[in-house]
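**Student:** For reference, the structure I am asking about is given below.
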Amino acid sequence: MNIQAPAPDFALKNEEAPFDISELFFSRTDERGVIEAGNAVFQRVSGYEWSALIGAPHKVVRHSDMPKGLFHILWARLKAGLPTGAYIKNRAADGRYYWVYAIVTPIEGGYVSVRLKPTSPVLQTVFEEYAEAVRAETEEGLSAEQSAARMCERVGGLGFATYDAFSSYAIANEILARDRALGREEDQRIKSLKFLLPALKEIESEQKKLFHAFEAIRGIPSNMRIVASRLEPAGGPISAISQNYRLMSNEVTEQLSAFSSDDGSRNLSDTILERVYRAMFIVAAARVQREVGENAHKAIQTGDQRDGFQYESEVLETILEDYMRQSTETLASVYQDIARLMQSSKDLKQLVTGLDSIRVLCRVEAGRLGSNSVALTPVIDQLDRFHVDIDRTLERIVEHAAEVKRLVEKAMPRSVSRTMYAVHGNMTRRGQRANGLT
Ligand SMILES: Cc1cc2nc3c(=O)[nH]c(=O)nc-3n(C[C@H](O)[C@H](O)[C@H](O)COP(=O)(O)O)c2cc1C
């Protein structure tokens, strides 16, 4: 069916089509984005009769302030089977506008979009970003694809590695803002995931410090050997110590690679960050999906629905189950990553303790050489500082990782967190005992 949208009343274009923050709405489309169903809120807010909506392409509510780049991102992701969150400004039949945050989920034979009213401060950033994208499209003539690439690039400037990360952060903030506005307790699971981000960023920066610190002491053993050659016969104690220090610091450097992800190419905390954002999106999507599903269920009970609504309710239920399953899986993998990171930090700490004992030996040997060892002093002083820094850095990593672990547990459904603790909690303690850390 090809229904022409009624000519909008331009006098109303700066007015907002109202809907309550407590309201959620959804629509279901086929694979081309042609509307097949929706709930009463969608119909009311859009201002179209059902007869004009069903069979119409979803662009019937398209607003000219929306950059085509955003729809390019949306469709590219949907076609790849990825659920996608996006802020969308829409136009109602009478020309008024309304903003939504939409979570669009691919389903068998099409898509379902569930929308809420955005109220968080992230929306202000989106106003500016979309206005800039529309400007680039009109003034610079960017194609939808070019504009999408530019939009994703600009997301980097906002402090997010990907569009995914940005849209996850946005939906988490929208749900928390909505909870507050409705006088509800803020969603604890989403809140925990949000609080986890600063701790992860700290881990990442401490890890970088660790890499740099080891880079900086690379030259020390050979400096030591050069000094030793002037102080003692070949193969003397200082040169043996420096040889040991070199071997052991190589071992530590190898251990440092445990901070990389499975394929060794990326920083483990980057991988964890990506998974946390994914978990954030899925937990948030499940939360919205559950509420819209409950509303649909109530509408069936009160008879406030169109024919075939039972089917829509079942579709919503299936999506919810899928998000719930995915959220458990994703959080479990974040938990495993964190357990791995903690274990690596502890192993590293133990190796550094070994390295430190060589430093102490070096001090003792220098003392034995008395005033002859003056040339060694700056080298040993550098090692002293290095060890103090490394100890602090490793301690901070372990502390932040413990905080992340605690928050991941809080973000998990209770039954799952108990199971994970039983498996990983014990495993970690066993590992610690084996390493003599407890
Ligand atoms: C499930 C689903 C929901 C959508 N919701 C909207 C929407 O609310 N507003 C909108 O303008 N486009 C929406 N779209 C995207 C439209 O299909 C279309 O790509 C967009 O309006 C841009 O149209 P154009 O590229 O023909 O200009 C949705 C698509 C799908 C699959």
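**Student:** Please go through the stretch 104-152 and give me each residue that is closer than 19 Å to HIS63 by Cβ, polar (S, T, N, Q) and buried (at least 18 other Cβ atoms within 10 Å of the Cβ), ordered by number.
**Tutor:** Passing the criteria: SER113, SER147.
**Student:** Just name the residue that is nearest to the ligand (Cβ to nearest atom) out of those in the stretch 42-55 that are crowded, with 19+ Cβ neighbours inside 10 Å and more than 20 Å from LYS13 (Cα to Cα).
**Tutor:** LEU53
**Student:** Take LEU197 and tell me if it is in a helix (DSSP H, G or I), surrounded by fewer than 20 Cβ atoms within 10 Å (Cβ to Cβ) and either in the same structural domain as SER327 (by TED's automatic domain parsing) or at negative phi (or both).
**Tutor:** It is true that LEU197 is in a helix (DSSP H, G or I), surrounded by fewer than 20 Cβ atoms within 10 Å (Cβ to Cβ) and either in the same structural domain as SER327 (by TED's automatic domain parsing) or at negative phi (or both).
**Student:** Identify, please: which residue in the stretch 6-18 is at pLDDT below 95 and surrounded by 15 or more Cβ atoms within 10 Å (Cβ to Cβ) and is, among those, farthest from SER64 (Cα to Cα)?
**Tutor:** LEU12
**Student:** If you scan the stretch 72-100, which residues turn out to be among the aliphatic types (A, V, I, L, M) and under 21 Å from the mean Cα position of the chain (by Cα)?
**Tutor:** Passing the criteria: ILE73, LEU74, ALA76, LEU78, ALA80, LEU82, ALA86.
**Student:** Here's something else I'd like to know. So which of LEU231, LEU247, LEU210 is out of contact with any strand residue (DSSP E or B) (no Cβ under 7 Å at 6 or more places or on another chain) and under 17 Å from GLN343 (Cα atoms)?
**Tutor:** Just one listed residue meets the conditions, LEU210.
**Student:** Going through LEU123, LEU74 one at a time, which residue ends up being within 26 Å of GLU317 (Cβ to Cβ), in a helix (DSSP H, G or I) and either more than 10 Å from the ligand (Cβ to nearest atom) or of a type outside the set (Val, Ile, Thr) (or both)?
**Tutor:** LEU74
**Student:** When you scan the stretch 208-305 for helices (runs of 4 or more DSSP H) that lie fully inside it, which ones turn up with 2 or more residues that are more than 30 Å from SER357 (Cα to Cα) and assigned by TED's automatic domain parsing to the domain that holds GLU365?
**Tutor:** It comes to 268-302.
**Student:** Right, next: For residues in the stretch 126-145 being of a type in the set (A, V, I, L, M) and in a helix (DSSP H, G or I), which is nearest to the ligand (Cβ to nearest atom)?
**Tutor:** If we take residues in the stretch 126-145 being of a type in the set (A, V, I, L, M) and in a helix (DSSP H, G or I), then ALA144 is nearest to the ligand (Cβ to nearest atom).
The values are calculated or read from the model by the stated rules, or taken from the named source; none is laboratory data. Source: prediction; values computed, not measured. Methodologically, a virtual Cβ is constructed for each residue, glycine included, from the backbone with ideal geometry; neighbour enumeration extends over all protein chains shown.
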